[in-house]
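The values are calculated or read from the model by the stated rules, or taken from the named source; none is laboratory data. The model shown is predicted, which means the values in this text are computed figures rather than measured ones. Using ideal geometry, Cβ is built from the backbone for each residue, glycine included, and neighbour counts are taken over all protein chains shown.
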Amino acid sequence: MSYSDNLIGQVLSRHIDEGELLPGKEIGIRIDQTLTQDATGTLVFLEFMALGEAKVKTKLSVSYVDHNTLQSGPENADDHLFLQSAAERYGVYFSRPGNGICHQVHLERFAVPGQTLLGSDSHTPTAGGLGMLAIGAGGMDVAIAMSGGLFYMTVPRVLHVNLIGELPPWVGAKDVILYILKLLTVKGGLGWAVEYGGPGVKTLSVPERATITNMGAELGAWTSIFPSDEVTRSFLKMQGRDDVWEPLSAGDGAEYDRELTVDLSSLVPMAACPSSPDAVVPVSDAAGLKVDQVIIGSCTNSSYRDLRLAAELLKGKCVHPDVSLAIAPGSRQVMTMLAREGSLADLVEAGARILEAACGPCIGMGQAPPSGGVSLRTFNRNFPGRSGTRDGQVYLVGPQTAAAAALNGRITDPRELGTMPVFNEPEGYAVSDRMILPPSHRTDEVPIRMGPNIKPLPLKEPLSDELSLEILLKAADNISTDDILPGGSKVLPLRSNLPALAEYVFSGLDPEFVSRAGAAGKGAVLGRDNYGQGSSREHAALAPAYLGVNAVLAVSIARLHRANLINFGVIPILISAEDYGSLDQGDMIEFRDVRKAIGGQDSISIMIPSKGIEIRGRLELYRREREVLLAGGILNYMKEKVKER
């Protein structure tokens, strides 16, 4: 298939430095911009420092503080000082706490059509709503890009979503992506990139497009992208940045691996039921269920457009007495505009609790629902326990549905509210970059401030030729990075302290995992389909590796997690569903001639002496990935590359 005319191919063609633009092949591309956030950024900067570079070499890199803003101890505050000093030292813009969520702020202030963005957060594709090729990656890959290195990726197959029609009243962008998730599932995007086109595109604003590309991460896709058109240009003009606009559209001869047509006019309000983003039903099917909590915000639905709509629906009314309503603006710009026009007062008067412009409840940082409580959230994930309450029943909905439930105390089809308020785009946005600190021109004079919670990054020994591993855990389908390493206010502050962080590996699924791993010394984890879905957090690979996990055996492994496993020297081995059934937790598995197999074979022998059986695991690895594993991880590999120069 030719990539010459579709959007994905056009941008990749501009940036490719190694390899051929053929589906399934590995390529190395240049990265124009990077973003990091504080939950992943401390490790990224430690990795960047370990690479020995004096300054970032991208066109632009931004360090955001938006995740760990709950400061119940000194750990998060110390990390923020480290990030601020490191940003100043190495030539990175620093978005201060309170300035907003990285994806919303980047869309407003930094995203550029046709450029590449690599972010240490899985929802980095949000910027695809503005025509940017934006990809979430592990922190090590971002650190390498910051040092001027290439980002290596498999050329994806491209799904073209042809949008026709126009959204009816009470139906929003969230309903579009939930509908697509219902069709494709959380595994449907594995190995794919999603490109939106068709006459319906012009009816969607940039914030609406960004909601759709944001949740492409829940499909497992590499990225999602919209054209850059006059709607894009108008948005950039309102941000005072129309000088970076360029048109970007698919050519007449664009080819795709798959086509999906979505008639916007036929859609209805949708909801993702507990506890997966693809457990989607029409809101009318869930109507009547009593609701305990409603939260409107997160990087998916916290734009000015979203919150202005919520304010209009709540104006002059009062939140139901059984409901706790919280509002989390996506950026300081959004908060400022709501305050200036009176919408913020309308929300407060209605009984909403106003949170700071940060990720907050989306990652379990506050606002956990009551035990067994029903929470409607305009967020992108509803994995078990992610909210901070293990048995919380979290539904994902759009702002219209969320506001209707806040008023009625039950899940309500918003179409029952009557005439939907008309939204008119503002003439301009409240542009102010005072909370974004530019990099210093005197980098050598800036001291790095490292608090006591920040521990150095350990290096792993090169791969052994023989391995005897205990299967420490047998897991089911769709194990998420939240399952592997939970978030929340208790664990997130430990992201800079690997020994302390590792104590929480699989703590929600199996509280005995850590002690079992300690007793075994070395081990493996057994998963089924889509192991490691969810966030880009490389800690979910690094912390198990620290505990002695040398291999992950699974029927399939999510793209981001697979890359992180390789970066930290953990072997990703694919097995059949039948072989998964023949293995059990506690089995000892043995590997021989490991280095030979990793060095150039497509499979590896796995022996289970206690059962007298041998199975074959698949090694679907590129040459560079094999070299990284043999070296014991990407840091060792990069250090050897430096010696060869």
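In segment 40-67, the residue that is surrounded by the most Cβ atoms within 10 Å (Cβ to Cβ) out of those that are closer than 21 Å to Tyr637 by Cα and of a type in the set (A, V, I, L, M) is Val44. If you go through segment 106-129 and keep only what is in contact with a Leu (Cβ under 7 Å, 6 or more places away or on another chain) and hydrophobic (A, V, I, L, M, F, W, C), you end up with Leu107, Phe110, Ala111, Leu117, Ala127. Scanning segment 377-433 for residues that are among the acidic types (Asp, Glu), over 23 Å from Ile177 (Cα atoms) and out of contact with any Ser or Thr (no Cβ under 8 Å at 6 or more places or on another chain) returns Glu427, Asp433. If you go through segment 245-268 one residue at a time, how many are in contact with a helix residue (DSSP H, G or I) (Cβ under 9 Å, 6 or more places away or on another chain) and either without any contact (Cβ under 8 Å) to a residue 12 or more places away in the chain or part of a strand (DSSP E or B) (or both)? Going through segment 245-268 one residue at a time, the tally reaches 4.
Report the residue count in segment 557-600 for those that are outside any helix (DSSP H, G or I) and within 32 Å of the chain's Cα centre (by Cα). First the steps, then the outcome.
The initial filter retains those residues of segment 557-600 that are outside any helix (DSSP H, G or I), namely 557-558, 568-576, 583-593.
The next check asks that each one be within 32 Å of the chain's Cα centre (by Cα); those that pass are 557-558, 568-576, 583-585.
Summing the residues that are outside any helix (DSSP H, G or I) and within 32 Å of the chain's Cα centre (by Cα) in segment 557-600 gives 14.
Could you list, in sequence order, all residues of segment 458-481 that are surrounded by 17 or more Cβ atoms within 10 Å (Cβ to Cβ) and part of a loop (DSSP other than H, G, I, E, B)? Correct list: Lys460, Leu463, Ala475, Asn478, Ile479. All conditions but one from (1) among the aliphatic types (A, V, I, L, M); (2) over 30 Å from Arg96 (Cα atoms); (3) not assigned by TED's automatic domain parsing to the domain that holds Ser284 apply to Ala406; the one that does not is (3). Filtering segment 117-143 to residues that are assigned to a loop (DSSP other than H, G, I, E, B), under 12 Å from Asn214 (Cα atoms) and of a type outside the set (Asp, Glu) leaves Ser122, His123.
Kindly provide the set of residues from segment 191-238 that are within 17 Å of the chain's Cα centre (by Cα), outside any helix (DSSP H, G or I), buried (at least 21 other Cβ atoms within 10 Å of the Cβ) and not β-branched (Val, Ile, Thr), ordered by number. Quick ask: steps written out before the conclusion?
Filtering segment 191-238 down to residues within 17 Å of the chain's Cα centre (by Cα) leaves 191-194, 209-225.
Now drop any that are not outside any helix (DSSP H, G or I), which leaves 191-194, 220-225.
Filter once more, keeping what is buried (at least 21 other Cβ atoms within 10 Å of the Cβ): 192-194, 220-225.
The answer is Trp192, Ala193, Gly220, Ala221, Trp222, Ser224.
With the condition being under 22 Å from the mean Cα position of the chain (by Cα), touching a residue at least 60 places away in the same chain (Cβ under 8 Å) and surrounded by 17 or more Cβ atoms within 10 Å (Cβ to Cβ), I'd like the helices (runs of 4 or more DSSP H) fully within segment 269-360 carrying at least 1 qualifying residues. So that I can check it myself, show each step before the final result.
Details: elements: 283-286, 304-314, 332-341, 343-350.
By residue number, 304-314, 332-341.
Name every residue in segment 297-322 that is under 25 Å from Ile363 (Cα atoms) and in contact with a Gly (Cβ under 7 Å, 6 or more places away or on another chain), in order of residue number. Talk me through it step by step, then tell me what you get.
Of the residues in segment 297-322, the ones under 25 Å from Ile363 (Cα atoms) are 297-311, 319, 322.
Hits for segment 297-322 are Gly297, Cys299, Asn301, Ser302, Ser303, Val319, Asp322.
When segment 67-91 is limited to residues that are under 21 Å from the mean Cα position of the chain (by Cα) and either among the β-branched types (Val, Ile, Thr) or part of a loop (DSSP other than H, G, I, E, B) (or both), the one that is farthest from Leu46 (Cα to Cα) turns out to be Leu70.
Figure legend. Inter-residue proximity from segment 606-619: first residues in the same structural domain as Val555 (by TED's automatic domain parsing) and more than 14 Å from Asp584 (Cβ to Cβ), second residues of a type in the set (Ser, Thr, Tyr) and assigned to a strand (DSSP E or B), beta-carbon distance below 9 Å, spacing 6+ or different chains. Indicated pairs: Glu614/Ser605; Arg616/Ser603; Arg616/Ser605; Gly617/Ser603; Gly617/Ser605; Arg618/Ser603; Leu619/Ser603. Considering Leu118, Leu133, Leu159, the condition of being over 16 Å from Leu7 (Cα atoms) and either touching a residue at least 12 places away in the same chain (Cβ under 8 Å) or buried (at least 24 other Cβ atoms within 10 Å of the Cβ) (or both) is satisfied by Leu118 alone.
For residues that are assigned to a loop (DSSP other than H, G, I, E, B) and crowded, with 20+ Cβ neighbours inside 10 Å, tally how many sit in segment 162-184. Walk me through how you get there before you give the answer.
Step one: of segment 162-184, the residues assigned to a loop (DSSP other than H, G, I, E, B) are 165-172.
Restricting the remaining residues to those that are crowded, with 20+ Cβ neighbours inside 10 Å gives 170-172.
The number of residues fulfilling the criteria is 3.
The number of residues in segment 514-540 that are part of a loop (DSSP other than H, G, I, E, B) and among the hydroxyl-bearing types (Ser, Thr, Tyr) comes to 2. Taking the criterion of being within 16 Å of the chain's Cα centre (by Cα) and among the charged types (D, E, K, R), the residues of segment 23-66 that qualify are Asp38, Asp66.
Residues of segment 349-382 being of a type in the set (A, V, I, L, M, F, W, C) and touching a Phe, Trp or Tyr at 6+ places or on another chain (Cβ under 8 Å), which ones? Explain how you work it out, then say what you get.
Pass one, segment 349-382, residues of a type in the set (A, V, I, L, M, F, W, C): 350, 352, 354-355, 357-359, 362-363, 365, 368, 374, 376, 379.
Those that are of a type in the set (A, V, I, L, M, F, W, C) and touching a Phe, Trp or Tyr at 6+ places or on another chain (Cβ under 8 Å): Cys362, Val374, Leu376.
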